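Participant: Below are the structure tokens for one structure; questions will follow.
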Amino acid sequence: MKVIINEKTILDQLVSKKIIDLVKSKPNANLGLATGSTPLGVYQNLVNDYQSNNTDYSQVKTFNLDEYLNLPLDHQQSYHTYMNKQLFDHLNINLENTHFPLENNYLNYPTLLKENPLDLQLLGIGSNGHIGFNEPGTAFNSTTNIVKLASETRNDNARFFSKLSDVPTEAISMGLKDIMMAKEIILMANGKNKAAAIYQLVKGLKSEEWPATILQDHPNVTLYLDFDAASLL
Ligand code: PGA
């Protein structure tokens, strides 16, 4: 596992450059995408690059990690809305090439991922060590499924909703086994509240109590950490 520690704006530049270079060298690249506050700077950089350089996304396929359950897809806080607003609306991506695990397709999502191997999976990490919405206790061999959100996750995400009780209790998440099929994984983390999870990922024992530790077994993972997230290493 490679570890890069720098300021957030530099990390955003490095990661967006990697994605842009991949899309230029492989115009039909398959990208695994994440939501949350962590990748916002990367998406902004991709949009800026598209506006200046017309990088072509017309053949790119995207596969998001997760989506809330029981939240309309056009809800302000759905991950569909997030991806449209932050990225898809601003690129020449074909919306038919963008995929989310949903109630009506999640059982087929692992097959879809096998048919379209991800060239790059972008990940954030929860303060409790989740990746996607695979919460502590999730089996390492889990595949895409309906999952219950941990109370820590609901508290972390309450900032996006008017009140805690509005945060959905369930989601659909790409499984840990599915995530591990990606050819390359980039995990970004910033802020002190991620430091314990990052410590476990880098220095801890592999354990289903810290789902991200499964990445210790992946041959091509790079962590992009700001100084706060790396502060316990
Ligand atoms: P965040 O969420 O980017 O909003 O911190 C990351 C995650 O929960 O995986």
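The values are calculated or read from the model by the stated rules, or taken from the named source; none is laboratory data. Since we're looking at a predicted model, the values are computed, not measured. Backbone-built Cβ (ideal geometry, glycine too); neighbour counts: all protein chains shown.
Participant: Looking only at the stretch 172-212, which residues are over 16 Å from L33 (Cα atoms) and not in a helix (DSSP H, G or I)?
Facilitator: N190, G191, G204, L205, K206, S207, E208, E209, W210
Participant: Okay, moving on. Hey, can you tell me all the residues within the stretch 181-230 that are within 15 Å of the ligand (Cβ to nearest atom) and of a type in the set (K, R)?
Facilitator: K192, K194
Participant: Something else about it: Within the stretch 119-149, how many residues turn out to be in a loop (DSSP other than H, G, I, E, B), within 12 Å of the ligand (Cβ to nearest atom) and under 20 Å from L205 (Cβ atoms)? Before you say what the answer is, go through the steps one by one.
Facilitator: Here is the first cut: in the stretch 119-149, the residues in a loop (DSSP other than H, G, I, E, B) are 119, 124-130, 132-133, 135-144, 149.
Narrowing the set further to residues that are within 12 Å of the ligand (Cβ to nearest atom) leaves 124-130, 132-133, 135, 149.
Narrowing further to those that are under 20 Å from L205 (Cβ atoms): 125-130, 135.
Summing the residues that are in a loop (DSSP other than H, G, I, E, B), within 12 Å of the ligand (Cβ to nearest atom) and under 20 Å from L205 (Cβ atoms) in the stretch 119-149 gives 7.
Participant: Condition first: within 19 Å of the chain's Cα centre (by Cα), under 20 Å from P72 (Cα atoms) and either assigned to a helix (DSSP H, G or I) or at pLDDT below 95 (or both). Now tell me which residues in the stretch 90-102 satisfy that.
Facilitator: L95
Participant: Within the stretch 150-166, take every residue that is within 16 Å of the ligand (Cβ to nearest atom) and among the basic types (K, R) and give me the one that is surrounded by the fewest Cβ atoms within 10 Å (Cβ to Cβ).
Facilitator: If we filter the stretch 150-166 for residues that are within 16 Å of the ligand (Cβ to nearest atom), which is where we start, we get 150-161, 164.
Now restrict to residues that are among the basic types (K, R): 154, 159.
Working: R154: 17, R159: 9.
Once the filter is applied, the top-ranked residue is R159.
Participant: Moving on to the next point. Show the residue pairs that are 6+ apart or on different chains and have beta-carbon atoms under 9 Å apart, the first residue being within the stretch 72-85 and at negative phi and at pLDDT 95 or above, the second being β-branched (V, I, T) and assigned to a loop (DSSP other than H, G, I, E, B).
Facilitator: Close Cβ pairs (under 9 Å, with a partner that is β-branched (V, I, T) and assigned to a loop (DSSP other than H, G, I, E, B)) amount to Q77/V167; Y79/T35; Y82/T35; M83/T35.
Table: residues versus (1) touching a residue at least 40 places away in the same chain (Cβ under 8 Å); (2) within 16 Å of the ligand (Cβ to nearest atom).
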{"position": "N6", "(1), (2)": "yes, no"}
{"position": "I10", "(1), (2)": "no, no"}
{"position": "L14", "(1), (2)": "yes, no"}
{"position": "D21", "(1), (2)": "no, no"}
{"position": "N28", "(1), (2)": "no, no"}
{"position": "G32", "(1), (2)": "yes, yes"}
{"position": "T38", "(1), (2)": "yes, yes"}
{"position": "V42", "(1), (2)": "yes, yes"}
{"position": "V47", "(1), (2)": "yes, no"}
